[in-house]
1. Using a 7 Å offset from Cα along Cα-Cβ at residue B:187, what residues in the range B:223-243 end up with backbone N under 15 Å from the label point?
2. Quick one: longest stretch of chain B between exposed loop GluC sites (Glu not before Pro), exposed meaning at most 16 other C-beta atoms within 10 Å and loop per DSSP?
3. Cross-link partners among aspartates and glutamates for residue B:79, C-alpha distance below 15 Å, same-chain residues fewer than 8 apart left out?
4. What's the whole-number percent of alpha carbon pairs in the range A:18-171 lying beyond 19 angstrom?
5. Which of the pairs B:4/B:191; A:188/B:135; B:35/B:209; B:122/B:184; A:188/B:103; A:70/A:215 have their Cα atoms more than 18 Å apart in this structure?
6. Pairs of alpha-carbon atoms within less than 8 angstrom and 6+ residues apart define the contacts here; what relative contact order does the range A:137-287 have, in percent?
7. Kindly express, to the nearest 10 degrees and within the range 0 to 90, the angle between helix A:251-282's C-alpha long axis and the longest C-alpha principal axis of chain A.
8. For residue A:156, go through the aspartates and glutamates and keep the ones whose alpha-carbon is under 13 Å away, minus same-chain ones fewer than eight residues off.
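Each value in this text was obtained by applying a stated rule to the coordinates, not by laboratory testing. These figures come from a predicted structure and were not determined experimentally. A quick note on method: Cβ atoms are made from the backbone with ideal geometry, for glycine too, and the neighbour counts reach across all protein chains shown.
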Amino acid sequence: MRAALPILAVLAVIVALWYAATVWMNAPWVRDQAARAGQEVTTSQLVRETMSQERPVLPAPHQVIAELWKGVTGQAVTSKRSLVYHAWVTVSATLLGFAIGTGLGILLAVGIVHNRAMDLSVMPWAIASQTIPILAIAPMIIVVLNSVGVQGLIPKAIISAYLSFFPVVVGMVKGFRSPDRMQLDLLKTYNASQGQTFWKLRWPSSAPYLFASLKVAVAASLVGAIVGEMPTGAVAGLGARLLSGSYYGQTIQIWAALFMAAIVAAGLVFIVGGIERATLKRMGLVR
Amino acid sequence: MAEKAVIEAKGVNLVFETNDGPVQALKDVNLTVGKGEFVSFIGPSGCGKTTLLRAIAALETPTGGTLTVNGMSPDAARKARAYGYVFQAAGLYPWRTIAGNVKLPLEIMGFSKAEQDERVRKVLALVELDGFGAKFPWQLSGGMQQRASIARALAFDADILLMDEPFGALDEIVRDRLNEELLKLWARTDKTICFVTHSIPEAVYLSTKIVVMSPRPGRITDIIESTLPRERPLDIRDTPEFLAISHRVRDGLRAGHSYDV
Ligand SMILES: Nc1ncnc2c1ncn2[C@@H]1O[C@H](COP(=O)(O)OP(=O)(O)OP(=O)(O)O)[C@@H](O)[C@H]1O
Ligand SMILES: [Mg+2]
């Protein structure tokens, strides 16, 4: 409970600032309308009207929450207007991409740790891959795959994997190299093979590093999936909601989709954190 | 000494190439360790005790001279799993229970499940840790962890035991007890033990042979054959014989130092 207090205080400050910004940013339009109608606006009227516009520059928090609530509970979850439906479309691509990215990241890390040529060659490429803006890559992936008849989930998952493999490679290389010289020497005195050294020492030693990477990777996967939805012609998914919202100036819809994405991201990170705690506890690594 | 040599070093040199130039860690080391001997290596920090032990274990390679273990090269002996090595730190895997840690070499060496359990039970009893098999390392005291690491080195029943200051981090009371236990274990199993220590009483109490070393370059200055009987109660440390040997070790250490200045 004690820990919640500072968080709530920060939240209250953010909400207050947000309301202030709402008034400030939406006021010109209200004044404009009033001037055109030849009316005077009182301050209280101004404040009220800045918070009830249909297409505000910046929607008020309660408008976003209401839209979010409507999107989640207003219709069946299978409906195209349900935010739950769109979130699921995005999450399924996220999870598939996360799985691919994690698998690829671990495999590359294994290669880097065991093979000198890979050690020298893979990392620069991996780093280079992340310096290219994903917004430039995503449409190319979509278009190229589309031309060979692959659409829907897979292209988005690939963009997701493209973003999520990197933290896994970096974390796992460090994790696989975390055993100290004494631990490695011990296995050498048993004449352990490279495979045994990996499974008995390197792999379990890397567990804390794995989960740290996975938390970053799962959030990156979600970003990848959302970005991947933007150039697909806006059919479904949170990315599509963001895009269609901006086409039609539906700022409230954009903000609701953004909130949904944030909630999903927090949920995914929370789930990974839960698995982390359970695993490390079972391994005796947390007391 | 008339027995067959288990470890034999002839003119062994070992030079580490470092960024600040070569470091001669071992210079012209000659040593014979017979079967069933308990040999202690004693000397000031940096005199090459660890390096010598590691060379015997094939964890370092001598740059000159010949070194054999069981009549073969140290590396061949390592591959034949001729020795158990106890490091200065217990180095138990935190994610394995005590039994799991002791089982580690057995899993690697491909013992059957039943045999693994049987051996774990036996060596844990040997180091008086029966009943602690299911605990994690952090649930045990430092002395108990060190005993577990000794059990781990004993589990696969190698004939040679190499121990690098296994009790260095422990207080004197625990150390006395573990020394006594180690001696009993040695008497019972007839293993050949090489034991690195900083403590003169520990070296004299445990050993049939004491190797005194001195630094820069690391070399052997004296080899003392102990005249103490194999059966050694703790109070043997107050006998004139014990004190005489201690004296000779101390002289050897001092001589090594004066050579130095
Ligand atoms: N891997 C290495 N690379 C370079 N120099 C080393 C290496 N290992 C040991 N040395 C050097 O070799 C010398 C002997 O070291 P060693 O660890 O064998 O000493 P020691 O007698 O075990 O000392 P201590 O009692 O402090 O453990 C030291 O001068 C040390 O700096
Ligand atoms: Mg040492």
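1. B:228-237
2. Details: sites that count: B:3, B:128, B:231.
That would be B:4-127.
3. A:185, B:60, B:157, B:159
4. On the way: 8307 of 11781 pairs.
Looking at the range A:18-171, the distances longer than 19 Å represent 71 percent of pairs.
5. Working: B:4/B:191 13 Å; A:188/B:135 26 Å; B:35/B:209 12 Å; B:122/B:184 15 Å; A:188/B:103 16 Å; A:70/A:215 30 Å.
Violating the 18 Å Cα-Cα cut-off are A:188/B:135; A:70/A:215.
6. Details: 147 pairs, mean separation 38.1, N = 151.
Computed value for the range A:137-287: 25 percent relative contact order.
7. Once rounded, the angle reads 30 degrees.
8. Output for residue A:156: A:229.
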